[in-house]
Amino acid sequence: MIKRWFVTGTDTEVGKTVASSALLQAANSAGYRTAGYKPVASGSDMTAEGLRNGDALALQANSAVALSYEEVNPYVFAEPTSPHIVSADEGRPIELARLSAGLRHLEQRADWLLIEGAGGWFTPLSGQHTFADWVQREQLPVILVVGIKLGCINHAVLTAQAIQQVGLQLAGWIANDVTAPGRRHQEYLATLCRMLPAPLLGEIPHLPQPERQALGAYLDLSLL
């Protein structure tokens with residue numbers, strides 16, 4: 001049976017890709033054939049191979065299945081802005097059917113799929129649809145990444161409520177220490193554990209260059 005998970009964050013820059021890399025590493029250690037999928041990415045650099053997004057490259061590197069860049073990231077944009085804005089500027093509309101087609105393809109190649117969103121839960125993909133609309137269409141269970149900092153409790157609870165209001169499963173959440181823990185750190189965590197209706201899968205500590213670290217051991221996939 002194929003396992004599929006959608007990773008979203010309380011906001012942009014909360015460490016979704018760090019958490020996604022940790023999830024893929026943990027699933028690899030558990031023996032799954034994993035594949036990471038970043039359907040839409042903005043904020044990318046031109047390379048000899050073409051436009052490349054750092055988050056998508058991290059998912060590609062941490063996938064157990066050998067994937068081409070295009071399989072991981074079908075929609076890539078250079079400008080670091082909301083996808084619906086840059087796609088309209090470039091005349092390249094983001095089609096939900098293409099996102100689903102890419103997912104169907106990966107389902108033929110892997111048995112543990114991680115799909116990483118862009119920005120927060122309601123990131124617009126067009127004038128009509130948000131990323132949340134596509135997740136609802138695909139009925140994906142959601143893993144929420146919470147960057148532990150001032151304001152994260154409100155953002156996390158609102159996002160959790162939005163996920164559940166459309167009938168989706170909040171499968172778990174990950175605490176990502178985006179800054180060095182302050183004096184109220186443990187109180188933030190305790191409050192989130194009490195208020196979020198899903199298990200804490202683990203806490204990723206504040207690390208130098210976390211994308212180069214072994215992160216899978218910080219998470220407990222048995223809670224999913």
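The values are calculated or read from the model by the stated rules, or taken from the named source; none is laboratory data. Quick caveat: nothing in here was measured; it's all calculated off a predicted structure. Here Cβ is always computed from backbone atoms with ideal geometry, including for glycine, and neighbour counts include all displayed protein chains. Only protein heavy atoms, including side chains, enter the accessible area calculation; ligands, DNA and RNA are left aside. Shrake-Rupley method; radii C 1.70, N 1.55, O 1.52, S 1.80 Å.
Tabulated data
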read-out: Where labels lie 7 Å past Cα in the beta-carbon direction, separation of ALA66 and ASP89 in nm; value: 3.7 nm
read-out: Calculated FRET value between GLN186 and GLN139, using beta carbons and R₀ = 30 Å, to 0.05; value: 0.25
read-out: Semi-axis lengths (Å, descending) of the ellipsoid that matches the C-alpha gyration tensor of the range 76-138; value: 22, 13, 11
read-out: Eligible lysines near LYS3 by straight Cα distance, threshold 30 Å, same-chain separation 8 or greater; value: LYS16, LYS38
read-out: Rounded to the nearest 10 Å², the accessible area of ARG52 at probe 1.4 Å; value: 40 Å²
read-out: C-alpha center-to-center spacing [the range 66-143, the range 1-29] in angstrom; value: 15 Å
read-out: Average Cα contact separation per residue, the chain, under 8 Å, 6 or more apart, as relative contact order %; value: 27 percent
read-out: Cα-projected label distance for GLN169 with GLU13, points at 7 Å along beta-carbon direction, nm; value: 3.4 nm
read-out: Heavy-atom accessible area order for SER126, SER222, largest first, 1.4 Å probe; value: SER222, SER126
read-out: Förster radius 35 Å - calculated FRET efficiency between GLN161 and MET46 (Cβ-Cβ, nearest 0.05); value: 0.30
read-out: Structure-based [θ]222 nm, the chain - -39500 (n - 2.57) summed over DSSP H runs of at least 4, per residue, nearest 500; value: -10500 deg cm²/dmol
read-out: Additional length obtainable on full extension of the chain from ARG104 to MET1, 0.36 nm per residue less Cα span; value: 35.7 nm
read-out: The range 70-203: C-alpha gyration tensor shape, a/c 1.5 cut-off, then a/b vs b/c; value: prolate
read-out: Segments 16-22, 83-89 sorted - mean Cβ within 10 Å per residue, highest first; value: 16-22, 83-89
read-out: Whole-percent carbon and sulfur share, accessible surface of the chain, 1.4 Å; value: 52 percent
